[in-house]
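To start, the structure under review is shown below, and the notes come after it.
The values are calculated or read from the model by the stated rules, or taken from the named source; none is laboratory data. What you are looking at is a predicted structure, and each value in this text was computed from that prediction instead of being measured. Virtual Cβ from ideal backbone geometry, glycine too; neighbours counted across all protein chains shown. When the accessible area is computed, the model is the full protein with side chains, heavy atoms only, and any ligands, DNA or RNA have been set aside. Shrake-Rupley method; radii C 1.70, N 1.55, O 1.52, S 1.80 Å.
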Amino acid sequence: MALAITVNDADFSDNSIGWEAPTNAQPATALFALNSASGLRNLAAGGLQPTTVAGTPTFTAGVSGKSLPFVTLGSNATLESNQLLTPQITVLSLLNIGTGLTNILNMSIAEPAALFTLQRGSLMNNWLVCGSGSDQLTENSNGLVTGSWQIHAWQCDITTKTPSLNYKNYTTGASAGGTGSFSSIYTPQSTFELGGSGDQAASSTHAAAVHLFWNSILGTDDMTTAVAWLRQYAQAYGISA
């Protein structure tokens with residue numbers, strides 16, 4: 001039997017899907033790989049469902065207490081998340097990354113503002129690029145561990161000329177972050193893509209179980225609560241993250 005995601009203060013009775021949201025600040029997009037769906041399903045109320053951009057992402061059903069449901073992305077398999085990069089954004093993801101050159105979150109159009117999170121071997125390349133490349137901020141984290149389920153988080157704020165970009169791996173403790181100095185304040189207009197890669201090698205794929213997007217910078221308490229909730233979700237499938 002599939003693991004149930006229970007309803008708390010969110011009502012999804014219209015589509016027979018319910019879930020217990022991790023914080024009082026509801027995610028704008030909540031993508032889960034579910035046993036009843038082929039790919040990632042957006043559980044946020046009124047949210048658009050992701051669509052295939054390229055290839056055919058491979059869906060693997062989960063077993064309660066034993067294995068997570070997930071979708072395999074990267075190489076030639078890419079989804080359009082329909083989630084805009086907003087002036088402030090928090091992304092919390094449950095991922096199993098391979099050893100290649102996978103694009104975890106990226107944007108096909110880098111104008112006027114785009115956020116890329118790319119895995120390049122043991123490097124997590126977090127890259128904010130604005131103004132057709134005239135303004136950039138890169139915060140890389142080395143020592144990426146591959147082949148296991150981990151909780152990754154990104155927070156980006158471009159509401160000022162001193163933008164911030166922060167990454168943290170809540171499973172391994174790896175982190176990177178800082179601020180930049182931009183010539184302008186940019187208004188994003190592009191949506192995220194999930195998957196794709198720098199090459200077509202089989203190793204340049206990753207498994208995604210959950211992506212949560214907030215249109216704000218979550219505070220420490222909310223992040224702690226959200227991470228604990230996501231960790232508990234993984235544990236229900238027998239997975240430590």
Subject >> Among residues of region 27-65, those that are open to solvent by 10 Å² or more (accessible area, probe 1.4 Å), touching a strand residue (DSSP E or B) at 6+ places or on another chain (Cβ under 8 Å) and part of a strand (DSSP E or B), counted >> reply: 9
Original post:
Any residue at all in region 174-196 that is touching a residue at least 12 places away in the same chain (Cβ under 8 Å), assigned to a loop (DSSP other than H, G, I, E, B), under 23 Å from residue 122 (Cα atoms) and open to solvent by 40 Å² or more (accessible area, probe 1.4 Å)?
Top reply: no
Original post:
Which condition number in (1) touching a helix residue (DSSP H, G or I) at 6+ places or on another chain (Cβ under 8 Å); (2) assigned to a strand (DSSP E or B) is the one that residue 165 fails?
Top reply: (1)
Original post:
Would region 138-148 turn up any residue that is over 18 Å from the mean Cα position of the chain (by Cα), closer than 25 Å to residue 56 by Cβ and not small (Gly, Ala, Ser)?
Top reply: no
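The rows are residues; the columns are (1) hydrophobic (A, V, I, L, M, F, W, C); (2) assigned to a helix (DSSP H, G or I).
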| residue | (1), (2) |
| --- | --- |
| 138 | no, no |
| 154 | yes, no |
| 203 | no, no |
| 233 | no, yes |
Original post:
Can you name the number of the only condition in (1) surrounded by 15 or more Cβ atoms within 10 Å (Cβ to Cβ); (2) assigned to a loop (DSSP other than H, G, I, E, B); (3) touching a strand residue (DSSP E or B) at 6+ places or on another chain (Cβ under 8 Å) that residue 99 fails?
Top reply: (3)
